[in-house]
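Trainee: Can you read through this structure? Questions will come right after.
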């Protein structure tokens, strides 16, 4: 694990309990994302989510598929997710503390992969997207929701102060890029767009298919 990832892990471990108690930001947008995602979920599917946090979204989607694997590199986030699954009696979900790049290298094993609010927190999003492409079955779907800070009037300047905040342990690692950058990268890797939706200026909800 790199020093950058290690610092981010410590941040999210420290923040996990508070994060789990926080309200959902923009609930109407969240509900629409759930609805659009469920159009791609079927009872016989195997689904993976990386960067699942405390598992709230995973638990909502799990009843619609055969099996749901939810991963995050924060042990405290995963512990809370397991508690939520027990409380809600969701039995077809597996929580695992892992980085996406360290997941089982077996190719073409998932029908759908979710990466929600996580791509802008990665050191190498291209490597992760290539891993996602590898893990998806032919015709499989990747669903992501990403903060594209370069498109935001004010938040694009975060890239100048974020390294210091991360060094001090005040914020996780954050990368700044535009929606066009992100869509271009998906296309380069071999994904085809199915849904492209910007619920607000600095965010992008994408559903892409492995062709």
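Trainee: Quick check: residue separation of residue 124 and residue 15 times 0.36 nm, minus the Cα distance between them. What number comes out in nm?
Mentor: My answer for the length gained is 36.9 nm.
Trainee: Of all DSSP beta bridges in the chain, what percent run antiparallel (nearest 5)?
Mentor: Antiparallel bridges make up about 40 percent of those DSSP assigns within the chain.
Trainee: Within a 10 angstrom radius of the beta carbon, how do 94, 54, 37 rank from fewest other beta carbons to most?
Mentor: Fewest-to-most ranking of 94, 54, 37: 94, 37, 54.
Trainee: When the convex hull of the Cα atoms of the chain is projected onto a plane and the area is averaged over all directions, what value comes out in nm²? Numbers along the way, then the final one.
Mentor: Details: hull surface 43.6 nm².
Taking a quarter of the hull surface, the average projection is 10.9 nm².
Trainee: In addition: Length gain on complete extension for the stretch residue 86 to residue 38, per 0.36 nm per residue less the alpha carbon to alpha carbon distance? Show your work: numbers first, answer last.
Mentor: Numbers: separation 48, 0.36 × 48 = 17.28 nm, distance 2.23 nm.
That works out to 15.1 nm of additional length.
Trainee: As a footprinting exposure proxy, order 12, 197 by other Cβ within 10 Å, with the fewest listed first.
Mentor: 197, 12
Trainee: Which stretch or stretches of the stretch 180-207 have amide N atoms under 17 Å from the point lying 7 Å from residue 29's Cα along the Cα→Cβ direction?
Mentor: Residues 180, 196-207 fall inside that zone.
Trainee: Using Cβ contacts closer than 10 Å as the measure, can you line up 152, 186 from fewest to most?
Mentor: Exposure proxy ranking, most exposed first: 152, 186.
Trainee: If you don't mind, there's one more thing I want to ask. In nanometres, what is the gap between the two model label sites at residue 178 and residue 108, each 7 Å from Cα along Cα-to-Cβ?
Mentor: Modelled inter-label distance: 3.6 nm.
Trainee: Further question on the same structure: From the helices alone, meaning DSSP H stretches of at least four residues, give me the mean residue ellipticity at 222 nm for the chain, per-run term -39500 (n - 2.57), in deg cm²/dmol to the nearest 500.
Mentor: Dividing the helical sum by the residues of the chain leaves -12000 deg cm²/dmol.
Where a number appears in this text, it was derived from the coordinates with a stated rule and is not lab data. Just so it is clear, the model here is predicted, and its values are computed rather than measured. Quick reminder, even Gly has a Cβ in these numbers, built from the backbone with ideal geometry, and neighbours come from all protein chains shown.
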